[in-house]
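Please read the structure below before turning to the comments.
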Amino acid sequence: MKPVKLVMSAFGPYAGQVEVRLDQLGGQGLFLITGDTGAGKTTIFDAIAFALFGEASGTVRTSDMLRSDFADPEIKTFVELIFTHKAKEYKVRRNPKYERPKKSGIGFTAETADATLSLPGGDVVAGYREVNCKITDVLGLTYRQFKQIAMIAQGEFLQLLLAESKERADIFRRVFNTELYQTSQKLLKEREKAARMRFEESERRILQSIEGILYPEEPAYQVLADKIAEKNIHSRTEIYGLLETLIQEDRKGRNEAQKTLSALNQAAAAQIALLTQAEYSNKAFADLAAARETEKELVAAAGEIAAMKRLAVTAEKALHYVKPLETAYGREKSVQEDLKGGIERLKATIARMAAEASALEAAYRAEQEKAPEREKLASVIDRQTSVLPRYNLAEQLQQEVAQLTEAAAKFEIEIVRLEEEKQGLQRQKDLLSAEIESSSSLEVQLADCKHELERWEALETELMNLQKDITKVMALHEDHDRLKQAYLETEKEFALINDRYARMEADFFREQAGILAAELEEGQPCPVCGSSVHPCKAVPAPGAPSEAELQRLKRQNETCRQAMHQASGTAGKKDAEIKTLEEHLNPRIIERIGTDRLEAPWEARKHYIDRALQECLDQIQKAKLEISLFKAGLERRDQCQNQWALTNKELLGHEALLSQKIREKGLAATTLGTKNGELSAKKSDLEFGSRREAEAQIKAMQNVLDIMKQAMCQAEKNFIEAKGKLETNQALLVDQHQRLEAADRASAQAQAVYYDAMQVFGFQDEAGYHAALKSEEDIQRIRVLVEAHGKHTQKVRADLDRLTGETRDKTPQDMALLEETRQALENEKQQTEKQLQDLIFRLSANEKTDGALNRAEAERRICESEFLQVSILSKTANGELAGKQKLAFEQYVQAAYFHQIIAEANKRLRLMTDGRFELLRREEAMDFRSQTGLELNVLDNYTGKIRTVKSLSGGESFKASLSLALGLSDVIQSYAGGVEVDTMFIDEGFGALDSESLEQAIRTLGNLASKDRLVGIISHVGELKERIDRQIIIKKTTVGSKIEIVF
């Protein structure tokens, strides 16, 4: 960056506008700024720093202290700087926030801070903060870095030399773009953290699987129980061995229990066969007694069934033979009654229509007598129609008079409107001026509000991330509860299916006799009793299970057991995931809601975060609303300024238009008088006031004539229609009488046939016939009952014959004694089954646990290896290796740049100190706990000792600081495309040097300036005035300082 021209207005000690043409000093070399104390030498550096970054060059003066006390109220305070950077020209203009006396009245008014930056392409960046950001992007330096590298301000000369390691790292990161290496450190740190979590998670899974080991509650397994209870990952190898021993013992016990259970199943099957035969025999005796009782009941009901059979025959005769004739008789009688009613109604209609025809004939005769009246009315209409064209001329004059009258009224209204609008425009102009004046401070308020919004939005992002993580934890808790519930339900389902399987297996063995009997054939020996004759085979009880059903339920039982173990493992994994997430989430929650609320439920913690987020959102909404209001205010101010110009222009136009309308009004009044006289002469010769009135009268008379003609035609039509309808109804009455006579004959014949049929089929009268009549459904129902009684009687007699044969030579059996023997066998078998199930359940669970432990152990070894590798890389990159130098990756790279900077600095420092001092980078920290890399020492070649730079004297510190600043500039310049520092400003510091040191410093700066650099120096030292030709001389006066350039 090289300054070309600097303009200061009411800035510091300069009362008016002062222009400093820095391009007249040349593009390279030394120039001196000198003058009286307090004249404003440092103000030139302040102006350059303020134009670029909105801050003064030092820390003593701030941006709100820059307005000149010498300036008149109407002079604005601003700085304008034209500079070049990388062969491109930029122009920045900036004014600070300050208060100035009001132009009218007493008191002060505030001027808001503002800035604009004109870019090489013609684009303009506006806004205080926006310009700051763009300048930082263009130069590649922030305000703080610019001060330390390019503008060493008064009182701050030693800051770069004495800066802490962290401050130097910030400078080098920006200048040399070392963020990439810092990002690499962070990524390795994150990968180490992730690998550690995976390794710890693998160990948690091992401990969780160990907790799932099942063992008997016996003293022999107490060691295993104690090891599991310890939950110590280092005991896992010993637990693996004890688990393997337990699995082998359980396998041996399972085989022995299966053999015992098989023997008991065979004994139970033989007993069940005996019990089944006894049940079959006793059932036959009971069925025989029940059949005999049923036979007695059927014999008692035989008489009632015979009566129902006779009733069905009589009902069929009534329904199928007599009922159709009764229906035919009713139909003929209905036709007879309908004809009689129709004749009476037709007679009444004929009488009414005869009276109506007589009245219509009289009305027709009356209309015929009105013919002379119609002819007279037609004559008047013809006469009035011939006069109509004379009305057109009168109406044309009338329209012209109306138009002129309307025009005169409009002129009057327009004149009044223009007067009112003129007054309104004047008021609007005054209001706009006041509104523009009141909105002068909106830019500063908008900038403050945007800064506040950015702060709240950053907090919003953090809270929303925290909210999402808490929601995830709550969801994981819900999943864990659901998985736990699923495990309990699966466990309950397994218990039910296991119990059902045990009962089905017992039923299967109990029904073995019936199952075996179903496969027996004559001549083959029975596997139970050995007989080859099978007169009475055992029959399986209803619902007895088959072997296929038993096997299907057994597979279902095993599937349910596996699902139960899987649900247990899934719930355990989910619990471990919850614990891991909570460990990483709790520190962030403590930061936001405090330690005292950490024990609250997650819903409460989320509520606290939600409430904090809502407060944050409220603040964001408030800030956005204020920003929108400020922006709207700025837009409104621009609108007001534009509207003020338009209003003023419109006001002038209204004044010219008002004069023109007054002239046009006078001309319209003269023409109106002439047209009114012509109209009065035309109207005196006409009967009606207008052609419209005449046409309306003609139309009314024509309507009367048309109505009279229509009345004549309608009366004739009505009379003819009434006469025709009367004659038609009279002919219809004659036909109806003839049809009634035929209906009387048909009704009498149908009645005779109906009565004859009742006699033929045995019915004495209509009452007897109706009593016997039933529907087809009722008849069918009676026949079904009769038929069912017959079939039931036959079946009962057949059962009696069969059961008598089956019970011959047999006696009932004692079922209680047989059942007692079977139950004893069943109890012993159930005890054995329970022992076997417990062994199978524990063995299955432990075998799966053993497999899971083997897989988890393999995964643990992989995670451990990965974690150790990544951990070493991360600790190396972040400078965290125990017992090693604390030098991170980025600091290592920055240290390489620092070596180059120190090497360049020492070239000048050795010249300025006659080879006595050299700067050195401290490569070792005071201890292994501190970060190192950018600390600075000095080597005293006179004593051979290395000491801290803080031990240098004032003059020695100035030389070292100047050398270091120049060395940094050289290194920066050596990297093409990086930050360019073409200009350096040095404020004071030379007063601490003796004449020899001063000569050395000037020679060093001169060599520097010969390399296309511009170096400006502020100093009172007389020798500098003599040695440096190009000078900016500042003189102090009672009305402000003046500037003179000597070159």
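Here are a few things to note about the model shown:
- Residue that is modelled with the highest pLDDT [pool: residues in the range 1021-1046 that are farther than 24 Å from residue 999 by Cα and among the polar types (S, T, N, Q)]: 1041
- Which listed residue is within 30 Å of residue 676 (Cα to Cα) and among the aliphatic types (A, V, I, L, M), from 425, 446, 404: 404
- Criterion (over 27 Å from residue 174 (Cα atoms), at pLDDT below 80, outside the structural domain of residue 145 (by TED's automatic domain parsing) and assigned to a helix (DSSP H, G or I)) met by exactly one of 991, 955: 955
- Residue count for the range 456-465 under the criterion of being touching a Leu at 6+ places or on another chain (Cβ under 8 Å) and modelled with pLDDT under 85: the result is 2.
- Looking across the range 371-411 at every residue that is at pLDDT 75 or above and either among the hydroxyl-bearing types (Ser, Thr, Tyr) or not in a helix (DSSP H, G or I) (or both), the one that is farthest from residue 657 (Cα to Cα) is identified as 379.
- Residue 258 being out of contact with any Ser or Thr (no Cβ under 8 Å at 6 or more places or on another chain) and at pLDDT below 85: yes
- Qualifying positions in the range 718-750 - within 14 Å of residue 332 (Cβ to Cβ), surrounded by 15 or more Cβ atoms within 10 Å (Cβ to Cβ) and among the polar types (S, T, N, Q): 747
- Of all residues making up the range 430-461, the number that are assigned to a helix (DSSP H, G or I) and over 18 Å from residue 616 (Cβ atoms): 16
- Selection count where residues are over 41 Å from the mean Cα position of the chain (by Cα) and assigned to a helix (DSSP H, G or I), scope the range 870-896: 9
- Residue count for the range 551-579, restricted to those that are at pLDDT 75 or above and either under 29 Å from the mean Cα position of the chain (by Cα) or not charged (D, E, K, R) (or both): 18
- Taking the criterion of being among the aliphatic types (A, V, I, L, M) and without any contact (Cβ under 8 Å) to a residue 60 or more places away in the chain, the residues of the range 400-449 that qualify are 402, 409, 413, 416, 431, 434.
- Of the residues making up the range 751-765, those that are aliphatic (A, V, I, L, M) and surrounded by 13 or more Cβ atoms within 10 Å (Cβ to Cβ) are 757, 758.
- The C-beta contact set for the range 629-643 (first residue at pLDDT 80 or above, second residue small (Gly, Ala, Ser) and part of a helix (DSSP H, G or I), distance under 9 angstrom, 6+ apart or interchain) comprises 640/433.
- Test: residue in the range 899-906 that is in a helix (DSSP H, G or I), among the aliphatic types (A, V, I, L, M), closer than 30 Å to residue 1001 by Cα and free of Cβ contacts under 8 Å to residues at least 24 places away in the same chain: no
Let's see how each residue does on (1) of a type outside the set (Val, Ile, Thr); (2) surrounded by fewer than 13 Cβ atoms within 10 Å (Cβ to Cβ); (3) modelled with pLDDT under 80:
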{"site": "767", "(1), (2), (3)": "yes, yes, no"}
{"site": "774", "(1), (2), (3)": "yes, no, no"}
{"site": "784", "(1), (2), (3)": "no, yes, no"}
{"site": "801", "(1), (2), (3)": "yes, yes, no"}
{"site": "806", "(1), (2), (3)": "yes, no, yes"}
{"site": "829", "(1), (2), (3)": "yes, no, no"}
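- Residue in the range 41-59 that is part of a strand (DSSP E or B) and assigned by TED's automatic domain parsing to the domain that holds residue 127 present: no
- Contacts under 9 angstrom Cβ, first residue in the range 146-171 being under 23 Å from residue 132 (Cβ atoms) and at pLDDT 75 or above, partner among the aromatic types (Phe, Trp, Tyr) and part of a helix (DSSP H, G or I), 6 or more apart: 146/53
- Filter pass, residue 927 being over 19 Å from residue 146 (Cα atoms) and either modelled with pLDDT of 80 or more or in a strand (DSSP E or B) (or both): no
- Members of the range 352-398 that are under 28 Å from residue 691 (Cβ atoms) and loosely packed, with under 11 Cβ neighbours inside 10 Å: 375, 376, 379, 382, 383, 386, 389, 392
- The range 311-351, subset within 11 Å of residue 772 (Cβ to Cβ) and of a type outside the set (Gly, Ala, Ser), residue surrounded by the most Cβ atoms within 10 Å (Cβ to Cβ): 322
- Test: residue in the range 848-857 that is of a type in the set (Gly, Ala, Ser), crowded, with 16+ Cβ neighbours inside 10 Å, at pLDDT 85 or above and in the same structural domain as residue 239 (by TED's automatic domain parsing): yes
- Filter result for the condition that a residue is surrounded by 15 or more Cβ atoms within 10 Å (Cβ to Cβ), hydroxyl-bearing (Ser, Thr, Tyr), part of a helix (DSSP H, G or I) and in contact (Cβ under 8 Å) with a residue 12 or more places away in the chain, over 202, 235: 202
- Test result for residue 698, farther than 20 Å from residue 344 by Cβ, surrounded by 15 or more Cβ atoms within 10 Å (Cβ to Cβ) and among the β-branched types (Val, Ile, Thr): yes
The values are calculated or read from the model by the stated rules, or taken from the named source; none is laboratory data. Model, not experiment: these values are computed from the prediction. No Cβ is skipped: glycine too gets one built from the backbone with ideal geometry, and neighbour counts run over all protein chains shown.
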